[in-house]
Amino acid sequence: MIEKSSFGQTGEGIEASAYTLSCDRAHVRVSDFGATLLGIECPGSDGATADVVLGYESVQGYAGTNGACYGGTIGPVANRTDRAEVPLGDKVYHLPGNDGPDHANNLHSDLEQGLHKRLWETAVDEGSNSVTFSCVLEDGELGLPGNKTFSVTYALEDDGDDAVLTLTQSCTTDAATYVNMTNHAYFNLAGHDAGTVLDQEVSVDADAFLPVREDSVSEGGVRPVEGTPFDFRDAKPLGRDISEKDVQLERARGYDHCFCVRGYVPGADPRHALRAVDRTSGRALDIFVTTPGAHLYTGNWLDDACGVKDGAAYAPRSGFAFEPEFYPDCVHHPEWDQSVCEPGRPYSSTIVYRLSTI
């Protein structure tokens, strides 16, 4: 049974709800505010459960500044867009300038009005143990063309000894537009309040990554990971190379880069992208994606001590995010796979989180 509960009111008086999906191996909480992943409770090797997703206690935190975008559905355009410009056909559309020097670039569409800051409609399906959220943006809203309908479905199931959470994101439109959604959950497999994730071991199925400029926008090239601190082809602790003398790490204060996940084929089933293991608790997380890339962020700027779940406080590197996406700023790089949504050609992305023990 999917349980619905109050998640509080925003400062504007918007009433939000939380929904708990359960299976034998996990409990997942999501909210209609921002189509947000609030938490995942799952056992370690000794059977002790912990919530492994960072976040706030109530909707007030998510509706507030929430600069970290904890657990939110990010869109219509995730990550950074150079000059906040979106060229489509013979026109150039303008996203809000909210990032970089003089706020000339764009980050995550709109930090105050983006999809993660809106109340979504909800449909519960007990038969599939899923919740679907939907949200409409009108033509021109947030600077992009087309009347757009977004949907996000969370579905939870047991698969043997593992719990599997499948997150499906989609968009339909009545005019060509640009869509590049992601989910911005942060994970700490020792527990959301357990401190640093630097000892947790991670492998990424990527032979290359995208270097960034000083303003964190993609440089426009693809660089092999071999011989760099960005080589996660074999599992290693997140903190092993994070302090290496490397201009890319210095620019981002750590990892804050898109990795080119091997084997991308448009329309294919989700493929393995990341495995993370916390050897102390015995928890493991495997992430599967359908997008060309995924952005690894080691929470380098986290600093939240108010309103966090269980009275916790988050410092830098208290969690890591792995955000499936088309390459950031791909709209300015036609040589990369593009994320244009058109009538009759909807946008769709699937993320699979498989939680297990070692």
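The values are calculated or read from the model by the stated rules, or taken from the named source; none is laboratory data. In this text, all values refer to a predicted model and were calculated from it rather than measured experimentally. Note that each Cβ is placed from the backbone with ideal geometry, even for glycine, and that neighbours are counted across all protein chains shown. Heads up: the accessible areas ignore ligands, DNA and RNA and are worked out on the full protein's heavy atoms, side chains in. Shrake-Rupley method; radii C 1.70, N 1.55, O 1.52, S 1.80 Å.
The table below gives the values:
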quantity	calculated
Of residues in region 292-328 being touching a residue at least 60 places away in the same chain (Cβ under 8 Å) and among the polar types (S, T, N, Q), the one surrounded by the fewest Cβ atoms within 10 Å (Cβ to Cβ)	SER318
Residues located in region 150-165, provided they are of a type outside the set (A, V, I, L, M), open to solvent by 10 Å² or more (accessible area, probe 1.4 Å) and touching a residue at least 24 places away in the same chain (Cβ under 8 Å)	GLU157, ASP158, ASP159, ASP161, ASP162
Tally, over region 173-205, of residues that are in contact with a Cys (Cβ under 6 Å, 6 or more places away or on another chain) and either crowded, with 24+ Cβ neighbours inside 10 Å or on the phi > 0 side of the Ramachandran plot (or both)	3
Residue satisfying condition, being in contact with a strand residue (DSSP E or B) (Cβ under 8 Å, 6 or more places away or on another chain), open to solvent by 10 Å² or more (accessible area, probe 1.4 Å), in a loop (DSSP other than H, G, I, E, B) and not hydroxyl-bearing (Ser, Thr, Tyr), within set GLU214, GLU226	GLU226
Identity of the residue in region 259-318, more than 30 Å from ASP337 (Cα to Cα) and among the acidic types (Asp, Glu), that ends up farthest from the chain's Cα centre (by Cα)	ASP310
Residue within region 333-340 that is in a strand (DSSP E or B) and open to solvent by 10 Å² or more (accessible area, probe 1.4 Å) present	yes
First in region 205-233 and over 22 Å from LEU285 (Cα atoms) and in contact (Cβ under 8 Å) with a residue 12 or more places away in the chain, second anywhere and in a strand (DSSP E or B) and among the hydroxyl-bearing types (Ser, Thr, Tyr), Cβ under 9 Å, 6 or more apart	LEU210/SER218; PRO211/SER218; VAL212/SER218; VAL217/THR81
Test: residue in region 245-252 that is open to solvent by 50 Å² or more (accessible area, probe 1.4 Å) and under 17 Å from PRO328 (Cβ atoms)	yes
Subset tally (residues that are touching a Gly at 6+ places or on another chain (Cβ under 8 Å), within 22 Å of HIS272 (Cβ to Cβ) and of a type in the set (Val, Ile, Thr)) for region 308-358	2
Selected residue [of a type outside the set (Lys, Arg) and open to solvent by 30 Å² or more (accessible area, probe 1.4 Å)] from GLY39, GLY34, GLY8, GLY13	GLY13
Wholly enclosed strands (runs of 3 or more DSSP E) of region 1-57 bearing at least 3 residues touching a Lys or Arg at 6+ places or on another chain (Cβ under 7 Å)	15-23, 36-43
Complete set of residues in region 277-328 that are assigned to a loop (DSSP other than H, G, I, E, B) and small (Gly, Ala, Ser)	SER281, GLY282, GLY299, ALA305, GLY307, ALA312, ALA313, ALA315, SER318, GLY319
Scan of region 92-124 for residues that are free of Cβ contacts under 8 Å to residues at least 12 places away in the same chain and not in a loop (DSSP other than H, G, I, E, B), ordered by number	VAL92, ASP102, HIS103, ALA123
Considering residues of region 262-276 that are part of a strand (DSSP E or B) and open to solvent by 10 Å² or more (accessible area, probe 1.4 Å) only, the residue nearest to LEU302 (Cα to Cα)	ARG275
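Quick grid of which residues meet (1) touching a strand residue (DSSP E or B) at 6+ places or on another chain (Cβ under 6 Å); (2) aliphatic (A, V, I, L, M); (3) over 26 Å from TYR19 (Cα atoms); (4) buried (at least 20 other Cβ atoms within 10 Å of the Cβ):
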position: THR73; (1), (2), (3), (4): yes, no, no, yes
position: PRO76; (1), (2), (3), (4): no, no, no, yes
position: GLU85; (1), (2), (3), (4): yes, no, yes, no
position: ASP90; (1), (2), (3), (4): no, no, yes, no
position: GLY114; (1), (2), (3), (4): no, no, no, yes
position: TRP120; (1), (2), (3), (4): yes, no, no, yes
